[in-house]
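Nothing in this text is a laboratory measurement; each read-out follows from the coordinates by a stated rule. Quick caveat, the model's predicted, so the values are computed rather than measured. With ideal geometry, Cβ positions are generated from the backbone for all residues, glycine too; neighbour counts draw on all protein chains shown.
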Amino acid sequence: MDDIKALSLEILQSKLMSFGYPRYHARQIFNWIYKKGAVDFAQMSDLAQGLRDKLQENFCISGLEIVDQLKSSDGTKKMLFKLKDFSIVEGVMIPSRGRATGCISTQVGCKFGCRFCASGVSGFKRNLTYLEIIDEVLALKREALPDNLTHLVFMGTGEPLDNYGEVMKAIRIINSVDGLNIGARRITISTSGIIPGIQKLAGEGLQIELSVSLHAADDDLRSSLMPVNKKYSLKELISSCKEYSVKTNRQITFEYILIKGLNSDLKSAQDLVKLLGGWRLAKVNLIPSNPIAELKIEVPERKDILLFKDYLEKQGLNVTLRKERGEDINAACGQLRLGYEKK
Ligand code: SF4
């Protein structure tokens with residue numbers, strides 16, 4: 001049976017008319033699904049029983065099964081969702097002062113094999129469809145209650161720009177007034193640096209926030225940490241990011257995971273200044289790595305993290321130090337799923 005979410009508002013309106021009901025009910029149905037999180041037509045109490053029955057006969061409302069869930073002491077919830085083909089993906093809900101941010105996966109596994117990331121460990125299986133992405137968002141929205149899910153980050157498993165078509169289809173629904181109505185400036189796409197995807201995104205006419213996993217400002221080191229750098233070099237990447245920022249008038253965030261003994265020394269900080277210095281719309285977000293035993297990743301000492309940050313600031317870079325959320329529940333990318341698959 002077809003998932004009703006696969007229908008656009010216009011198609012649902014004509015379906016309703018073919019059933020003998022007025023088209024305005026389509027907006028009510030969208031409202032129930034996207035704003036109120038209904039999972040069953042029986043919940044749609046302002047629709048006539050006859051219409052609810054008709055909907056039940058013709059459509060379903062798909063959803064994802066939560067197979068495991070962890071809640072951190074800071075309120076962060078990490079979930080494992082089971083898809084129809086039994087694949088497992090992760091989603092995270094991070095509450096903050098009455099609002100909430102959802103972190104979404106876009107692929108089952110990942111083909112990019114970044115050295116510090118647990119998501120690539122079991123390889124790539126498949127892309128998520130736009131409906132699966134929407135189902136993740138709706139599940140996180142329910143988990144955020146009574147808070148409102150106001151922000152979304154595409155930072156879970158997978159490279160969103162490697163699943164461009166489905167991600168954009170999902171974003172159009174997430175951004176639409178009749179859908180989840182989350183503004184583009186509250187949606188962040190995080191990429192390992194897929195240049196054609198960044199260029200395409202710049203032409204979408206949406207002010208989506210772009211976050212780039214940088215993690216090294218020297219080509220050799222970055223290529224050893226992130227094999228994608230062998231295809232898209234730092235010079236080309238930074239130039240496409242500058243273009244993106246000019247076209248969308250948005251700041252670009254460069255994520256930088258600090259890993260002990262690898263990219264947290266003075267030379268690495270100097271490289272970063274050379275790469276991004278003088279660019280007003282660049283922000284560096286330093287992330288102390290989460291220790292991952294399987295990947296032999298170790299966190300630098302706190303004093304070394306602060307020294308690194310101070311140096312960048314003194315050289316005029318705009319820097320933030322991310323407070324790790326959900327540390328007690330293995331909230332780093334791919335870690336909960338790895339744990340589940342090992343059970
Ligand atoms: S960091 Fe992103 S692109 Fe790299 S392996 Fe992990 S999920 Fe894939």
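Based on the Kirkwood radius over alpha-carbon pairs, what is the Stokes-Einstein translational diffusion coefficient of the chain at 25 °C with 0.890 mPa s viscosity, in µm²/s?
Rounded to a whole number, D works out at 116 µm²/s.
5 Å is the cut-off here: which amide hydrogens, built 1.01 Å from N in the peptide plane, fall below it relative to Cys60, excluding neighbours closer than 5 in sequence?
Excluding prolines and chain starts, which carry no amide H, the hits are Asp2, Asp3, Ile4.
Quick query: amide H of Leu321 versus all other amide H atoms, modeled in the peptide plane; which residues come in under 5 Å with a sequence gap of 5 or more or a different chain?
Leu286
What whole number of Å gives the distance from the Cα centroid of the stretch 115-173 to the Cα centroid of the stretch 258-311?
The stretch 258-311 and the stretch 115-173 have Cα centres spaced 26 Å from each other.
Ranked from highest to lowest mean number of other Cβ atoms within 10 Å per residue, what is the order of the peptides 47-54, 239-246?
Result, highest mean Cβ count within 10 Å first: 239-246, 47-54.
For Lys242, give me every one of the aspartates and glutamates with a C-alpha distance below 19 angstrom, ignoring sequence neighbours fewer than eight places off in its own chain.
Lys242 reaches Glu204, Glu209, Asp218, Asp219, Glu255, Asp271.
Before rounding to the nearest 500, sum -39500 (n - 2.57) across all DSSP H runs of length at least 4 in the chain and divide by the residue total; then give [θ] at 222 nm in deg cm²/dmol.
Value at 222 nm, helices only, nearest 500: -10000 deg cm²/dmol.
Compute, for the chain, the length of the dipole vector about the Cα centre, with Cβ point charges of +1 (Lys, Arg) and -1 (Asp, Glu) only. Units Debye, rounded to 20.
540 debye
Over the Cα atoms of the stretch 110-162, what Rg and Dmax result, in angstrom?
For the stretch 110-162, the Cα radius of gyration and maximum Cα-Cα distance read 13.2, 38 Å.
If you take every residue apart from Ser211 with its C-beta less than 14 Å away from the C-beta of Ser211, what net charge results, scoring Lys and Arg +1 and Asp and Glu -1?
+2
Kindly flag which residue pairs out of Lys77/Lys111; Lys5/Lys82; Lys125/Lys235 have an alpha-carbon separation exceeding 21 Å in this structure.
Lys77/Lys111; Lys125/Lys235
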